[in-house]
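Before any comments, here is the structure.
Each value in this text was obtained by applying a stated rule to the coordinates, not by laboratory testing. Just so we're clear, the structure is a prediction, and the values are computed from it rather than from any experiment. Positions of Cβ are generated from backbone atoms using ideal geometry, with glycine treated the same way; all protein chains shown enter the neighbour counts.
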Amino acid sequence: MRNPIEGKNIIIIGSGVGGLSAGIILSRLNFRVTIIEKNHLPGGLMRSYRREGFDCPVGVHYVGALGKEEPLGKMFRALGIPVNELFAPMGQEEIIDRYIFDDLTFDLPTSIDALEKSLKNTFPQETAALDAIMINLREISRRMMDPSFLLNQGDPFQNMDYYQPMGEWLDSLKVSPSLRAVLGVPCNLIGVPLNDCPVIFHHMVLASYLFSSWRLKESGSKMTDVFVRRFEELSGKLVLNNGVKKILLVDGKVTGVVLESGEVLDADAVVATIHPKVLLQLLEENALRESYLRRIRGLRETEGVICVNISVNSAMHPEINHNIYRLRRDENGMISDGIFYQLRCGNSSGSNLLSLITKSLYSDWSQWENTVSGKRGKDYEEKKMGVARNLLKKAEEIFGNLHDAKILDVYTPLTVRDYVNAPEGACYGVMRSSRQLLKAMSLNNLPIPGLCLAGQNAIAPGVMGCLLGSFNAVRQIIGQKRFVQEIKWDKC
Ligand SMILES: Cc1cc2nc3c(=O)[nH]c(=O)nc-3n(C[C@H](O)[C@H](O)[C@H](O)COP(=O)(O)OP(=O)(O)OC[C@H]3O[C@@H](n4cnc5c(N)ncnc54)[C@H](O)[C@@H]3O)c2cc1C
């Protein structure tokens, strides 16, 4: 969208954290906003679901940089969402994440200074490389704290070296395989392999968790309720259980949408918080140039995951206030296998909730590609439960005896695909790799007046990436001049 829009009616497609945050900011700016959600409940990946009294998380396990003066904290304040009602800080034992490799356990501490100290203690032969890495990491954290990070148009990181793949940079620093593996973990958090992950994304993810790390106090459903409440108190309208079937254009400009129910809604602008390949299905065939269509169709997705939620005996397995990553690396330091564990207080007495997530390729589930959630049949259920039982067995290496544990639920890339319309069940949407950076960046500015992307496919994934995408969408709708005048980070 090249120019600010004229008019007040905005339709947002999707009610995940991207759609609801965009809706809140636009409502605060006195637009008439309607969010359209295909599911019968709002929240997308942000929402948790209930099984046997437990709130099982989907897409919010922990977030970084929610402190008052930190980037995500400032964005929450600008939305008017109370951080303390939803989140509690982690790191009471000075650990955010424990990385367990076969030959090394490394604890990610709670600040950049502590990280430097810990890395230098663990890798005393590699101080020269670590000095270079820490200089870069500090520079990027400094820029993330600068108000221009949230306000400036375009790229706040003009240094092209930041877009080099992290793996290539580590090659030039000649780091050991062991250090490479430790430094590789943040790339996994945005679903990009180290060898193809731009230095900037690696550093932004790592820096945000080192500013401060937070877990939900209650659940993703509560987080969704608070976002919806805020949107509705600003007079936003939420339509559920009725997806957008078509985006209407007149003379190449957005004029409205057609819903699955057949209803037509007028709009001066549409903000789509959906995957760009799904967006193409909603547009007329000739709405975009062939070269642009090819670019979108050729985008590579982040990989899928399988997630298992398990109830465990709380006396034997009390809550752990940090996350655990069980990781395997090859001889070059590339992480070949990883399982994320989070052990949280349960909601029912006597039990806690162990959530685990690990990579699962979409192709592993291709046999059921043409089925829909809840109707995939016995073979699928058996395969899914077989994988879950193996993962539960492996978890005993870390948590000890889990014989009385109970698998509450398992979801696969097919579940994610059907639930939020994510092609191939891509966990973090489009892959923001060095190799397809330009293609992915062109999504920030779609060539159709009145149409823009927000959500995890616009700028970056995760709660922080989605909020950055929402502010960017608002900037496109109201123009940079008004954006700088009206979005007051410190006065909200
Ligand atoms: C397993 C997992 C763990 C994660 N853990 C974390 C974490 O710990 N921390 C973190 O920061 N991030 C995490 N993420 C990433 C984070 O959850 C996502 O980046 C974020 O929630 C995406 O929000 P969104 O609004 O872009 O998309 P979504 O939440 O996918 O919302 C899009 C919405 O659009 C709706 N929709 C689709 N098509 C249509 C249509 N045609 N009409 C109407 N509605 C439509 C969908 O139903 C959905 O509700 C995780 C993701 C996954 C999958």
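Values for this structure:
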read-out: Loop-resident sites, segment 202-277, for trypsin sites (Lys or Arg not before Pro), counting at most 15 other Cβ within 10 Å (DSSP); value: K217
read-out: Derived scalar couplings ³J(HN,Hα) [segment 16-32; Karplus, 6.51 cos²θ - 1.76 cosθ + 1.60; whole Hz; x for Gly, Pro]; value: x, 4, x, x, 5, 5, 4, x, 5, 5, 5, 5, 4, 8, 6, 7, 8
read-out: Anisotropy class of segment 438-478 from Cα gyration tensor, a/c 1.5 cut; value: oblate
read-out: Over the chain: helical MRE at 222 nm, DSSP H runs n ≥ 4 each giving -39500 (n - 2.57), nearest 500; value: -11000 deg cm²/dmol
read-out: Residues in segment 106-149 reached by a label modelled at D161 [backbone nitrogen below 20 Å; 7 Å Cα→Cβ]; value: 116, 126-145
read-out: Segment 171-300: C-alpha gyration tensor shape, a/c 1.5 cut-off, then a/b vs b/c; value: oblate
read-out: Loop-located GluC sites (Glu not before Pro) in segment 248-342 whose Cβ has at most 16 other Cβ within 10 Å (DSSP); value: E260, E263, E284, E319, E331
read-out: Mean Cβ neighbour count within 10 Å, used as a protection proxy, ranking 454-460, 169-175 highest first; value: 454-460, 169-175
read-out: Ordering of 349-362, 200-213, 129-142, 381-394 by burial proxy (mean other Cβ atoms within 10 Å per residue, highest first); value: 200-213, 349-362, 129-142, 381-394
read-out: DSSP-loop GluC sites (Glu not before Pro) across segment 43-93, with at most 13 other Cβ within 10 angstrom; value: E69, E93
read-out: Positive-end residue of S21, S176, S311, charge dipole of the chain with Cβ unit charges; value: S21
